[in-house]
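Here's the structure, in structure tokens; my notes come after.
The values are calculated or read from the model by the stated rules, or taken from the named source; none is laboratory data. Being a predicted model, the structure only gives us computed values, none of them experimental. Glycine gets a Cβ as well: all are built from the backbone with ideal geometry, and neighbour counts include every protein chain shown.
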Amino acid sequence: MRSKNNKRKSAARREGKLAFYVRRITVFSLAGILTVSAVSGAYFLLQAFYVRDIQISGNNHFNKRDIEDILNIRREPLLNLHMKEIEEKLKRNAWINKVSLRWQLPGTLIIKIEEAVPKALLSFGEETFLVNDDGNVMEKLQDAVTPFLPVIRGIDPRYKKNMSEAMKLVAALAEKNIIADRQFLEIGMDSYGLNVNIDGEFIKVGYGQYSEKFEKWLELEPELRKRGIPIQYVDLRFKESVIVKPLIPEKEKDKDKEKKEKKEKKEKKIS
């Protein structure tokens, strides 16, 4: 009897130890699984806060790679992105007018772009450029086919003040609907300020008050056309008056020259 009891006790002890080890193994296994799951979850959660994708809209002139090259963002934390710096970096490009930015989980930077529209052509040296409404060069034109836009000729784009004044004049001409109705429009600069050639009519403009000046010109031009008087130039630089300089025919110039020469000879004889 004792022998059988001892065997039963030994078997029970072995079963108890086995159950104990099984429970420990189970507990450690579950702990390991939970630890791995927690680490994996933390890793994927952390990855959600890193830039993994850039979504861009409103870009017609640029493709996605162009924008990515400008920004040069590589797997940076979303929370470390300085949105103002990104906006300023993009707006340094003359093709980009406005930018709105936001980030979205998981790992996405969303960029909405409003591209600038060419407002004029700049002819400088032997090259022609598209410029935006701020007078900044957008790109050099490679072919001879160009859209009809006002031409700014001979102004160095590095002189921002001069370009800014030229673009203010372009804006005033567009506001008065002068650009749309003309075949040729060229803006230049002289010692007295800006001038503009509109379909062969040369106008001295000067600086400032462009809308007011061309309001006067629009009132005067139909009368000049009606009379059919050849015009050398129209001067809009003076606040209270508009000066119209008629074009003197060559025959009259020759007569005036002869009169001047005769007068000079007569004065010499008298002296």
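Every residue in segment 52-94 that is within 13 Å of the chain's Cα centre (by Cα), surrounded by 13 or more Cβ atoms within 10 Å (Cβ to Cβ) and in a helix (DSSP H, G or I), please.
87, 89, 90, 91, listed by residue number.
All but one of (1) within 26 Å of residue 238 (Cβ to Cβ); (2) touching a Leu at 6+ places or on another chain (Cβ under 9 Å); (3) modelled with pLDDT under 95 hold for residue 184; state the number of the condition that does not hold.
(2)
Checking residue 203 against (1) assigned to a strand (DSSP E or B); (2) closer than 20 Å to residue 136 by Cα; (3) among the aliphatic types (A, V, I, L, M), only one condition comes out false. Which one?
The number of the failed condition is (2).
Residue by residue through segment 214-239, note down the ones that are without any contact (Cβ under 8 Å) to a residue 40 or more places away in the chain and either outside the structural domain of residue 180 (by TED's automatic domain parsing) or touching a helix residue (DSSP H, G or I) at 6+ places or on another chain (Cβ under 8 Å) (or both). Walk me through how you get there before you give the answer.
So the first thing to find is which residues in segment 214-239 are without any contact (Cβ under 8 Å) to a residue 40 or more places away in the chain, and the list is 215-217, 219-236, 238-239.
Hits for segment 214-239 are 231, 234, 236.
If I go through segment 109-147 residue by residue, how many of them are in contact (Cβ under 8 Å) with a residue 24 or more places away in the chain, of a type outside the set (Asp, Glu) and out of contact with any Ser or Thr (no Cβ under 6 Å at 6 or more places or on another chain)?
Within segment 109-147, the first condition is being in contact (Cβ under 8 Å) with a residue 24 or more places away in the chain, and the residues that meet it are 109-115, 118-124, 129, 131-139, 146-147.
So of that shortlist, the ones also of a type outside the set (Asp, Glu) come out as 109-113, 118-124, 129, 131-132, 135-138, 146-147.
Checking the rest, the ones that are also out of contact with any Ser or Thr (no Cβ under 6 Å at 6 or more places or on another chain) come to 109-111, 113, 118-120, 122-124, 129, 131-132, 136-138, 146-147.
Summing the residues that are in contact (Cβ under 8 Å) with a residue 24 or more places away in the chain, of a type outside the set (Asp, Glu) and out of contact with any Ser or Thr (no Cβ under 6 Å at 6 or more places or on another chain) in segment 109-147 gives 18.
Answer with yes or no whether residue 122 is crowded, with 16+ Cβ neighbours inside 10 Å, touching a Phe, Trp or Tyr at 6+ places or on another chain (Cβ under 6 Å) and aliphatic (A, V, I, L, M).
When the stated conditions are applied, residue 122 passes them.
What is the residue count in segment 139-195 for residues that are under 13 Å from residue 207 (Cβ atoms) and either surrounded by fewer than 16 Cβ atoms within 10 Å (Cβ to Cβ) or in the same structural domain as residue 93 (by TED's automatic domain parsing) (or both)?
6
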